[in-house]
Amino acid sequence: MEHPAELSVYAYLQKAMAGESTISKEIVDQVAADVSNSMMRQLNSGPRDEFRIRMSNIGRPTCQLWFDKNEPEGKTPFPPHFLMNMLLGDIVEAVFKGLLRASGVQFEDSEKVTLKLEDKEIQGEYDLILNGKVDDIKSASPWSYTNKFLNFEALNAKDSFGYVSQLVGYAEAANKEVGGWWVVNKANGEFKYVSARAVDKNKVLKNMKNVVDYLDNDLPFERCYESIPETFYQKLTGNIKLDPTTCGFCSHKHKCWPTLQTLPMTKSKAKEPKLVDYVQVA
């Protein structure tokens, strides 16, 4: 286990399973208040503000941010269940903080902060500060839990959601050390701590500054990633597709790749083949 607090929470849950735990009404009330605030924020949000750089998006691919700023009308709308996923993420955060408190783990709760990058102010709200380090809480699919959040190196290699920049930005704005991520598997409740101690903070901050400059200077669009050959059982199919770990969740992928077709995997014999973003089908 990466963090002593992991042991504390697991030990508390073991006691709960044995019927030997207690939890205060104050902690339960705080969890309820956090969930209530989330629902009010997510479901009473009103019209979305115009594009601006935030801590939560500054680490995303610049090609995606370029479209968000310059051609927002071409964005593919998120399906309704996306909002449910957001709510579930907030609920996981609220419950996990409740478990930390019930386990006796002391931490500073979330707070809004502002990062100054020369003449630009980037705003955000970190999840918690534990032992003087800023941590984020993430809920993850089974695949992401096992692969993306395997360790810092795996996350940093293909960080299309910008989690590393987000965490570094929070820490810099709060004048604290960079901690890591508390990751909860949405499918089975497993959780772990992934440390970001290997992060090159200065390099990340420099990249964040470059993103701001790129968008402020109205530079022409450039793709961040190239398409890749499709393989099936380690053999080339002749099809060309997008890498799902970098482009799969982008709302502008059809604008970026005009010939893109999202189809069931052509070589699969499964009853319900997984969907693939094909740039070219042989």
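Computed quantities for the displayed model
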quantity: For the range 4-216, share of DSSP beta bridges that run antiparallel, in % to the nearest 5; calculated: 65
quantity: Helix axis angle, 25-43 relative to the chain longest principal axis, alpha carbon, degrees; calculated: 30
quantity: Label point distance in nm, Q14-A154, each placed 7 Å from Cα along Cα→Cβ; calculated: 2.5
quantity: Degrees separating the helix 201-216 axis from the principal Cα axis of the chain, which is the longest one; calculated: 50
quantity: Label-point separation, Q42 to Q123 (7 Å along Cα→Cβ), nm; calculated: 2.2
quantity: The chain, relative contact order in percent, only Cα pairs under 8 angstrom and at least six apart counted; calculated: 19
quantity: For the range 40-186, with +1 on Lys and Arg beta carbons and -1 on Asp and Glu, the positive-most of G169, M55, I91 along the dipole; calculated: I91
quantity: Of L236, C250, Q280, farthest towards positive along the dipole that unit charges on Lys, Arg, Asp, Glu beta carbons give the range 228-280; calculated: L236
quantity: Relative intensity, log₁₀ I(q)/I(0), of the chain from a Debye sum that treats every alpha carbon as a point, q = 0.15 Å⁻¹; calculated: -1.29
quantity: DSSP bridge pairs, the range 132-282: antiparallel proportion in percent, nearest 5; calculated: 65
quantity: Degrees, to the nearest 10: 163-174 long Cα axis against longest axis of the chain; calculated: 50
quantity: R0 of 30 Å, Cβ-Cβ distance S251-F107: FRET efficiency to nearest 0.05; calculated: 0.35
quantity: Gained length - Q234 relative to S268, 0.36 nm times residue gap less alpha-carbon distance; calculated: 10.9 nm
quantity: Neighbour-count order for I240, I122, fewest beta carbons within 10 angstrom listed first; calculated: I240, I122
quantity: Proximal lysines relative to K133, as straight alpha-carbon distance under 16 Å, when same-chain residues fewer than 8 apart are discounted; calculated: K97, K112, K176, K201
quantity: Reachable lysines, given that their alpha-carbon falls under 29 Å from the alpha-carbon of K271 and they are not under 8 places away in the same chain; calculated: K148, K186, K235, K241, K253
quantity: Qualifying aspartates and glutamates (Cα of each under 18 Å from Cα of K206; at least 8 residues distant if same chain); calculated: E118, D119, E121, D159, E172, E177, D216
quantity: Stretch gain in nm, segment Y214-N85, where the contour uses 0.36 nm per residue and the Cα spacing is subtracted; calculated: 43.3 nm
quantity: Antiparallel DSSP beta bridges within the range 131-195, percent to nearest 5; calculated: 40
quantity: Fully extended contour minus Cα-Cα distance, from C224 to I27, at 0.36 nm per residue; calculated: 66.5 nm
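Each reported figure results from applying straightforward, stated rules to the coordinates on display, with no laboratory input. Remember, it's a predicted structure, so these values are computed and weren't measured experimentally. Ideal geometry is used to build each Cβ from the backbone, glycine not excepted, and the neighbour counts take in all protein chains shown.
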